[in-house]
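The structure under discussion appears below in the form of structure tokens.
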Amino acid sequence: MIIIKTPEEIEILREGGKHLAFVLSKVKEIVKSGISTWELDKYAEKLIREMGDEPAFLNYRPAGAKIPFPAVLCVSVNDEVVHGIPNRKRILKEGDIVSLDLGLKHKGLFTDMAITAPVGKISAVNQKLLEITERALQIGISAAQAGGTVGDIGYAVESFVRAQKNKNKNTQYGIVEVLSGHGVGRAIHEDPYIPNFGKAGKGEKLVSGMVIALEPMLNNGAKNVTIDDDGYTIRTVDGQNSAHFEHTILITESEAEVLTKE
Ligand code: MG
């Protein structure tokens, strides 16, 4: 069931989104060679709790998972696409790219956001991957408007990515298809599913007051992904790097409002 948020809920989600964007920007600032993914997680948790909010992913148990997620922040390095578990022994090194995905509960309501950050100087191919994935998110946001459909978003993202692939022959920009954006607000994952591919005009109607998280995941190589034995870490099958950007947005009669911004 798709939940339309009340004006009061939207105001809380706006506040929460602001907090979340602040926390992620602070975590991004300490991303550097030599830091562990565990330290990034602990820092995110400290900042969230200082603001009186709660981490949304800690102990969250997605359908089918054997154990609840054991951390606050999903930290996914290089060929890890999403849901990487922070670890004291996982040390970032120059040239890595690292996806930071964070959910926050503010006054009982959830927002969700992700960025992929470079560790020091990264290769031109990885730089391009980050730029294109972030732009794919912006394109998706631009396509998300009341009166449109979920398929319009997927179609816009997919068309943009296909055009980039034609311009950059040495990359495939595989769109990860087994994971998608989603409704968010009263729960961290609500209806509808929002794939990063699709047909214009198809799928659920977008209505003013819907709050959704859009999150394209693009691979330098093929779209295929696999899951590690830890039950969480999703990584590319071909070992090529992957990037991920996400915003929580509010559907309106005109341009969508990005809630996860400072
Ligand atoms: Mg999400």
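The values are calculated or read from the model by the stated rules, or taken from the named source; none is laboratory data. Just so it is clear, the model here is predicted, and its values are computed rather than measured. So basically every Cβ, Gly included, is an ideal-geometry build from the backbone, and we count neighbours across all protein chains shown.
Has region 123-133 got any residue that is more than 26 Å from Gln240 (Cα to Cα) and aliphatic (A, V, I, L, M)?
No.
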Within region 171-220, residues assigned to a loop (DSSP other than H, G, I, E, B), of a type in the set (D, E, K, R) and either in contact (Cβ under 8 Å) with a residue 60 or more places away in the chain or crowded, with 20+ Cβ neighbours inside 10 Å (or both) come out as Arg186, Glu204, Glu215
Identify, from the list Val75, Val27, Val23, the residue that is in a strand (DSSP E or B) and closer than 23 Å to Phe110 by Cα. Val75
Counting only residues that are more than 16 Å from Asp79 (Cα to Cα) and either in a strand (DSSP E or B) or within 16 Å of the ligand (Cβ to nearest atom) (or both), how many does region 97-113 have? 10
Could you check, for region 78-90, whether at least one of its residues is farther than 21 Å from Ser242 by Cα, in contact (Cβ under 8 Å) with a residue 40 or more places away in the chain and within 16 Å of the ligand (Cβ to nearest atom)? no
Hey, among Glu215, Glu257, which residue is within 15 Å of the ligand (Cβ to nearest atom) and charged (D, E, K, R)? Glu215
So which residues in region 36-72 are in a loop (DSSP other than H, G, I, E, B) and not aliphatic (A, V, I, L, M)? Gly52, Asp53, Phe57, Asn59, Tyr60, Arg61, Pro62, Gly64, Lys66, Pro68, Phe69, Pro70
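Matching residues to (1) modelled with pLDDT of 95 or more; (2) touching a Ser or Thr at 6+ places or on another chain (Cβ under 7 Å):
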site: Thr149; (1), (2): yes, no
site: Ile153; (1), (2): yes, no
site: Phe160; (1), (2): yes, no
site: Asn166; (1), (2): no, no
site: Asn170; (1), (2): no, no
site: Ala200; (1), (2): yes, no
site: Leu206; (1), (2): yes, yes
If you check every pair at least six apart or on different chains, which have Cβ atoms under 7 Å apart with a residue in region 104-126 that is more than 22 Å from Asp41 (Cβ to Cβ) first and a residue that is surrounded by fewer than 24 Cβ atoms within 10 Å (Cβ to Cβ) and modelled with pLDDT under 95 second? Val125/Thr171
Return the residue satisfying two criteria in turn: it lies in region 145-163 and is among the hydroxyl-bearing types (Ser, Thr, Tyr) and not in a strand (DSSP E or B), and of such residues it is farthest from Tyr173 (Cα to Cα). Tyr155
For the list (1) closer than 28 Å to Met210 by Cα; (2) over 19 Å from the mean Cα position of the chain (by Cα); (3) surrounded by 13 or more Cβ atoms within 10 Å (Cβ to Cβ), I need the number of the one condition that Glu8 fails. (3)
